[in-house]
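The values are calculated or read from the model by the stated rules, or taken from the named source; none is laboratory data. Note that the coordinates shown come from a computational prediction; the quantities given were computed from them, not determined experimentally. Cβ atoms come from the backbone with ideal geometry, glycine included; neighbour counts cover every protein chain shown. Remember, those area values only see protein heavy atoms, side chains included, never the ligands or the DNA or RNA. Shrake-Rupley method; radii C 1.70, N 1.55, O 1.52, S 1.80 Å.
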Amino acid sequence: MSATVKAENRDGVLVLTIDNPPVNALSHSVRVGLNEELAKAAGDAGVKAVVLACAGRSFISGADIREFGKPPQPPGLHEILDQLENFPRPIVAAIHGNALGGGLETALCCHFRIATKDTKLGLPEVKLGLLPGAGGTQRLPRVVGPAKAVQMIVSGDPINGDEGLKVGLVDELFEGDPAKAGEAFARKVIAEKRALKRVRDDDSKLAAAKADRSIFTDAAAAANKRNRGLIAPLACAECVGQTLEGTFDEGLAFERKKFLELMNGEQSKAQRYAFFAEREAAKVAGVSAETKPRKIERVAVVGAGTMGGGISMSFANAGIPVTIIEMGEEQLNRGLGVMKKNYDATAARGGLKPEDVTRRMGMITGKVGLEHAKDADLIIEAVFETMAIKKEVFAKLDAIAKPGAVLASNTSYLNIDEIASSTKRPQDVLGMHFFSPANVMKLCEIVRGAKTAPDVLATAVAIAKRIAKVPAVVGNCDGFVGNRMLAARGKQSDKLLYEGALPQQIDAVVTRFGIPMGPFTMSDMAGLDIGWRSRKDRGVKAEIPDALCEAGRFGLKTGKGYYKYEGGRAPIPDPEVEDLIAKTLAKMGKKPRAVSDEEILERMVYPMVNEGARILEEKIAARPSDIDVVWLYGYGWPIYRGGPMFYADSVGLKKVAERLSYYAKETGDPSLEPAPLLKKLADEGKTFASLAAA
Ligand code: 3H9
């Protein structure tokens with residue numbers, strides 16, 4: 001008997017229970033177990049029906065992703081699915097928790113499906129750069145219709161049991177023990193002599209779209225609207241489209257071919273890497289899995305500006321009550337007004353129901369005065385980014401906060417130990433750095449201070465996950481991981497302007513690579529005047545941005561910056577800027593040269609990788625994949641390129657190091673010399689990934 005599949009004949013109903021923690025993936029041992037048990041049961045007249053159920057929290061959550069890219073181990077999933085679908089007597093899938101990917105595909109091969117109300121039923125393969133490769137693209141459209149199927153498969157988002165019942169994916173809902181409910185349903189099927197429903201044989205749901213293709217093509221176009229650069233969503237839609245073209249078997253063969261292309265391609269490799277990187281990042285060195293997080297029931301956010309507001313919304317969205325604190329009524333009301341406006345805008349786009357807006361706003365209480373933080377289990381400071389102000393706030397919070405409260409700063413680059421030193425409880429202090437817009441961006445960079453207690457780190461990781469953020473724990477240094485690497489890139493984008501590249505050329509290279517916004521569009525959005533004032537205070541010069549500011553071009557807010565803006569937010573290249581740059585360079589005695597796109601890309605990305613290597617040397621990040629997580633979820637690095645460290649590995653570290661040395665010499669910038677760790681790995685022919693495996 002297989003270690004992960006148990007069989008029990010309950011008076012004619014054979015209950016097959018998969019027990020393969022943590023998520024009941026279809027690993028090799030599960031396939032072996034199902035194969036054996038189904039073969040035995042097919043020839044056993046004592047088996048009148050079969051129930052397929054799972055132990056633990058969930059039904060099957062998909063194929064075992066860790067087996068991908070390795071030599072296949074028989075039996076394959078397709079064989080098991082054939083056994084299920086062609087089984088001579090009824091098979092009932094009793095689903096609780098999740099039925100995802102290969103899990104739902106397995107259920108689709110059973111003759112009946114029952115599920116709990118809150119079960120998640122979905123085909124999320126697209127999020128791994130794949131498509132449902134075990135018949136999902138051919139069977140789901142036959143059950144729910146091609147328009148609904150393409151929406152589910154291209155988005156990868158699941159539906160719940162309730163909706164499953166409505167769209168015909170589920171035959172009946174149940175509560176309680178899946179095996180028992182499955183057994184009861186199976187007995188009903190036997191008693192009523194119900195015909196076996198084989199999804200592959202029923203084309204009735206395809207008829208409408210076959211007569212009018214626009215039913216499918218419109219749904220496919222809508223589903224694919226926001227999938228820039230990704231190849232899997234298109235392949236998913238193409239496979240679903242095949243259901244309207246040929247036979248079931250032809251569709252299955254087409255799906256198989258496309259699945260293998262994606263699985264062996266670069267994009268899925270990167271996306272699968274990102275899946276595991278995200279989960280690894282939540283595991284913190286020095287914090288054991290047994291470390292109990294502190295209980296967080298009430299949260300206070302200090303500061304109702306853009307960041308404080310976005311952070312508060314993230315808690316409200318997760319149903320956690322939050323008190324947002326300001327120094328005066330006016331700032332508070334302004335902040336609350338912005339949050340309401342943001343929610344209303346989402347509702348107007350159809351993303352929220354009006355009652356959700358009311359409920360979420362109801363989670364947020366506005367107060368004037370720090371004393372209102374006294375009952376909070378977690379206090380997040382999001383005030384002005386100045387050390388003196390931060391220290392003053394933390395000293396006050398030290399006197400107000402209840403014992404054991406976690407005190408977090410949303411600082412984006414300041415020294416967390418210095419902030420902690422203004423309290424008598426540095427063990428309770430850490431950084432929780434959110435990214436703008438904080439209610440949207442998924443990253444939470446958790447900054448570990450020298451004295452931060454392990455359970456405080458565990459608390460920050462747990463709460464970040466609860467509010468649907470991706471936590472990545474990093475060490476304390478100027479700019480931490482993300483902004484420190486961004487600064488390395490910013491130095492090069494600025495320098496390139498003085499060498500002859502234009503803002504629009506640099507931005508275009510960066511966005512073509514897949515990053516949503518180029519450095520100069522980003523500067524325009526942030527505003528150029530802040531840097532200008534700070535340079536003036538420090539007596540520092542930066543000729544080009546200084547000249548822009550002197551001409552009143554402060555960025556988006558003034559309608560002019562590195563670009564011009566005509567009412568909207570779309571940056572438009574401006575000949576005036578080209579002229580201004582040319583004149584500035586002439587004044588400086590510099591002769592612009594033609595800079596190639598290739599050079600721009602290398603100088604945008606490789607210096608970041610180099611800084612990443614230094615970050616690893618200094619142990620500011622524990623693993624290369626943690627750095628990638630920061631860039632994927634905080635800065636919109638394209639998921640199909642896996643993150644800067646993964647990308648560098650795919651280019652080859654030898655090439656990265658050589659090009660950096662070359663640019664260091666060409667531009668006379670010693671910071672571009674390869675970091676010792678990068679050089680060592682390049683010389684040894686190794687990758688950053690080899691560090692994680694070591
Ligand atoms: C597929 O099915 C292809 C088929 O169409 C065709 C085949 C021919 N495999 O996320 P968590 C691990 S593609 C292996 O923290 P949660 C995960 O790494 C698959 N391992 O838990 C972690 O390990 P560790 C389609 C997996 O409760 C642990 O389980 N399915 C898999 O927050 C806990 O994970 C999907 O894409 C897997 N499939 O969320 C679903 N899944 O403890 C992918 C998880 O060592 N999975 N692990 O770090 C998920 O979305 C979430 O894990 C899930 C649970 C929602 C299930």
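Across the range 356-382, the qualifying residues are those that are under 27 Å from the mean Cα position of the chain (by Cα) and aliphatic (A, V, I, L, M), and the one among them that is nearest to ALA300 (Cα to Cα) is ILE379. Among the residues making up the range 15-28, those that are open to solvent by less than 40 Å² (accessible area, probe 1.4 Å) and of a type in the set (A, V, I, L, M, F, W, C) are VAL15, LEU16, ILE18, ALA25, LEU26. Of everything in the range 119-157 that is of a type in the set (Ser, Thr, Tyr) and under 16 Å from PHE216 (Cα atoms), the residue that is nearest to the ligand (Cβ to nearest atom) is THR137. Of everything in the range 29-44, what is open to solvent by less than 20 Å² (accessible area, probe 1.4 Å), more than 16 Å from the ligand (Cβ to nearest atom) and touching a helix residue (DSSP H, G or I) at 6+ places or on another chain (Cβ under 8 Å)? Give them in sequence order. LEU38 - this is the single residue of the range 29-44 that is open to solvent by less than 20 Å² (accessible area, probe 1.4 Å), more than 16 Å from the ligand (Cβ to nearest atom) and touching a helix residue (DSSP H, G or I) at 6+ places or on another chain (Cβ under 8 Å). Regarding PRO88, is this residue out of contact with any Pro (no Cβ under 7 Å at 6 or more places or on another chain), part of a loop (DSSP other than H, G, I, E, B), at pLDDT below 95 and in the same structural domain as ASP162 (by TED's automatic domain parsing)? So PRO88 does not fit the description; no. In this structure, ILE311 does satisfy being in contact with a Phe, Trp or Tyr (Cβ under 6 Å, 6 or more places away or on another chain) and open to solvent by less than 10 Å² (accessible area, probe 1.4 Å).
Of all residues being among the small types (Gly, Ala, Ser) and outside any helix (DSSP H, G or I) in the range 215-262, which is nearest to VAL144 (Cα to Cα)? Just the residue, please. Among those that are among the small types (Gly, Ala, Ser) and outside any helix (DSSP H, G or I), it is GLY246. Does PRO71 satisfy the condition of being open to solvent by less than 40 Å² (accessible area, probe 1.4 Å) and away from the ligand (no atom under 12 Å from the Cβ)? In short, no. When GLU326, GLU280 are checked against the criterion of being surrounded by 14 or more Cβ atoms within 10 Å (Cβ to Cβ), under 30 Å from GLU125 (Cα atoms) and charged (D, E, K, R), a single residue qualifies: GLU280.
Taking the options LEU52, LEU81, LEU26, name whichever one is more than 12 Å from the ligand (Cβ to nearest atom), closer than 17 Å to GLY136 by Cβ and assigned by TED's automatic domain parsing to the domain that holds CYS110. LEU52 is the lone residue from the list that is more than 12 Å from the ligand (Cβ to nearest atom), closer than 17 Å to GLY136 by Cβ and assigned by TED's automatic domain parsing to the domain that holds CYS110.
Residues in the range 84-108 that are within 14 Å of the ligand (Cβ to nearest atom) and open to solvent by less than 10 Å² (accessible area, probe 1.4 Å): ILE95, ALA99, GLY101, GLY102, GLY103, LEU104, GLU105, THR106, ALA107, LEU108. Among the conditions (1) buried (at least 20 other Cβ atoms within 10 Å of the Cβ); (2) closer than 21 Å to GLY482 by Cβ; (3) over 31 Å from the mean Cα position of the chain (by Cα), the only one that SER534 does not satisfy is (1). Being open to solvent by 70 Å² or more (accessible area, probe 1.4 Å), at pLDDT 95 or above and among the aliphatic types (A, V, I, L, M) is a description that does not apply to VAL393.
Within the span defined as the range 162-179, every residue fails to be on the phi < 0 side of the Ramachandran plot, within 13 Å of the ligand (Cβ to nearest atom) and β-branched (Val, Ile, Thr).
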